[in-house]
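See structure below.
Read-outs throughout are calculated quantities, based only on the coordinates presented, and are distinct from any laboratory measurement. This one's a predicted model, so the numbers in the text were calculated from it and none came from an experiment. Backbone-built Cβ (ideal geometry, glycine too); neighbour counts: all protein chains shown.
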Amino acid sequence: MILAELLKIPFLLESKVICGFQGLGRTVSSVNMMDAPDIIDFVKPDELLITTAYALKDHPEELVALIPELSAAGCVGLGIKKRFWSAIPQEAIAVANEVGFPLIELPLNVSLGDLINQAIDTILDKHTDTLRNALQSHRQFSSLILKGQGIPEIVRDLAGLLGSPAILLDQRMNLISASSHFREQVYQDLLPQIRELASQLPNEDRTSVCCLGDAAPGALNYIAAHPIMTYQPQGFLLTLQQSVELQQLPVMIMEQAANVISFELLKKQAVKERSRRYKNDLFTDIVNGFMTSEQELIHRGKRYGLSENLPSLCIVIQQDDDLTRREFSLPSSEEQQLSKREELYDILKDAFQSRGHSFVLFNNKDQFVLILSISGSKTAPVHAERLLREQLTEISDNLYHREKISVSFGVGNPIDRLTDIPVTYKEAVEAWETAHNSKKRRFVQFYHVKKLTDLLRMLPLEELKKYYNDTFKELNRLDEKERRELMRTLITYHDNNCQIAETAKQLFVHRNTVVYRLEKCEQLTGRKIRNTSDNLRFKVAYLMEQLIDAD
């Protein structure tokens, strides 16, 4: 209870607050007696001290020095029975006013022992009432769940119990539920400011208060916020209030509501996980070839939104672990790992839904697999690919800049039968791995028939270097200027289909110079320039050089 309430008990009715009135709103949890000025080492926070000031009667300056120390230690105030002072020193009053520390003149006809007993009994009674009311509120919130109602009804009853607007936001500051107050425009206008303040609150398991400003109606200028916790933070339960002070009963009622909401979210999460597991089992059966019947696939997939609209294609989505700036990687427990996957699943789902796509999203270990229907697309394949690339790039950029999550996409080719999902899935995985092995990040990679460079990239780098050095042999031992000149002539010669005249024209040299250089290349490499197999070997080595230099 607060000090102003405690002063209303019978033994304190005749007491008089001399100064420090701004401290009357402080919470009192205990009352103790001060019989010596060295009490500072024994003072507890939220404690009210009472004294006869006998030890200070000849040294009022010690009281002046003691008041700031008591206030800093969390002492609520000091009650003085003026048996040995005709008046409390003015210097002490001035200091107490300065730090907002109440000095209280106690009645002379009440013993300090009786006063302490009655004060402690009152505090304990108040605390018991608070616990009883908190327990009653917990029963009320739990009863709503048992009756089949849910989170909106809890928020509604919380607002009714506290007599103030209440709102529930998720971890990304999206509105989950709000009391009826927020149907009014004046409260709706406050939502952006409430979200902004809530996004800056710490995810600590305690109620905190922040200032909303002067815009709130009815002088409700403060927000009391309590975090919702399961495996990890799930958002905030917030109420508007008039004071920056946290009162014990409203805080405990909020805690009970937050606990019941947390249990309800855990229950929903368990149901969602079980449904998601069945859904992912369906995908596993499909890609492993356990479902070869189109009819069976449609029958089982319809429950999870697998569309019969064809053509469709597969998109594999995976995080770029080394670029992720958010704590999505390296979770501390299996539960947190699962929760973070669920969060990313919901983010991806919302991103594709907001663009009007028809799709079904699966989770396959650390991959997210999207079966996307493109049946409504009337554009040419090239334009359809460009449009999809732009949309996926936009999603990737939004995730990176808004959520601090770096993801990449591998896209398979369209299919005309659902039983071909394993084919487009394999293509999507291969497309993702090809770009990932090239050390790309935040990419959108479509599957295409591999070029020769893609095939060469699959070989170990050491093997590429060995083949390259064996091809050019002594040519690689020349000084850099001469080697570059001969290599340029050799490459230009092959680019011009072994035409000496065209090679000389492109290099701006005489044809005899080209002949001389080519003959020297033959001598250094031990290979015939016009031989078909050696010609092919040279061209492959040129491609290898690009890969070696890019490493």
Report task. Among DSSP beta bridges whose residues both lie in the chain, state the antiparallel percentage, nearest 5. Result -> 75
Query raised in the report: Does anyone have the angle between helix 381-402 and the longest principal axis of the chain? Alpha-carbon axes, 0 to 90°, nearest 10?
Result: 30
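Going by average Cβ neighbours within 10 Å, how do the peptides 538-547, 191-200 rank, with the highest at the top?
Averaged packing, sorted descending, gives the order 538-547, 191-200.
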Report task. Taking a cut-off of 27 Å between Cα atoms, list the lysines near K81, but don't count ones fewer than 8 places away on the same chain. Result -> K8, K16, K44, K57, K126
Query raised in the report: Measuring from label point to label point, each 7 Å out along Cα→Cβ, what is the V515 to Q171 span in nm?
Result: 7.6
Query - Positive dipole terminus of the chain, leading residue within T434, A541, V360 (C-beta point charges) - result: A541
Query raised in the report: Binning every alpha carbon pair distance of the stretch 3-122 at 10 Å from zero, what are the percents per bin?
Result: 14, 53, 31, 1
Query raised in the report: Using θ = phi - 60° and the Karplus form 6.51 cos²θ - 1.76 cosθ + 1.60, what ³J(HN,Hα) does each residue of the stretch 113-130 get, whole Hz, x for Gly and Pro?
Result: x, 5, 4, 4, 4, 5, 5, 5, 4, 5, 4, 5, 4, 5, 5, 4, 4, 5
Query raised in the report: How large is ³J(HN,Hα), in whole Hz, for each residue of the stretch 236-248 in order, when computed from phi with the Karplus curve 6.51 cos²θ - 1.76 cosθ + 1.60 and θ = phi - 60°, using x for Gly and Pro?
Result: 9, 9, 10, 10, 8, 8, 8, 10, 6, 6, 9, 7, 4
Query raised in the report: Of the beta bridges DSSP finds with both residues in the stretch 3-122, what % are antiparallel, to the nearest 5?
Result: 20
Report summary line: Computed over the chain, the Cα gyration tensor eigenvalues, each multiplied by 5 and square-rooted, give semi-axes in Å (largest first) of 77, 34, 18
**Report entry** Of I67, I167, Q149, farthest towards positive along the dipole that unit charges on Lys, Arg, Asp, Glu beta carbons give the stretch 54-180
**Finding:** Q149
Query raised in the report: To the nearest 20 debye, what charge dipole does the chain have about its Cα centre, counting +1 at the Cβ of each Lys and Arg and -1 at the Cβ of each Asp and Glu?
Result: 2800
Report task. Pop a pseudo-label 7 angstrom from the Cα along the beta-carbon direction at both T128 and Q22 and give the gap in nm to one decimal. Result -> 3.7
Query - Orientation-averaged projected area, Cα convex hull of the stretch 174-320 (nm²) - result: 13.3
Query raised in the report: So for the pair K82, I548, with labels modelled 7 Å out along Cα→Cβ, what separation do we get in nm?
Result: 10.0
**Report entry** Theoretical ellipticity at 222 nm over the chain - DSSP helices of four or more residues, -39500 (n - 2.57) apiece, nearest 500
**Finding:** -16000 deg cm²/dmol
Requested in this report: Give the cross-link partners of K302 among the aspartates and glutamates, using a straight C-alpha distance below 16 Å as the criterion and excluding same-chain residues fewer than 8 apart.
Outcome: D281, D285, E294
Report task. Would you grab the residues whose amide H sits under 5 Å from the one on K81? Only those 5+ places off in sequence or on another chain, please, with H modelled 1.01 Å from N. Result -> T51, T52, A53, L106
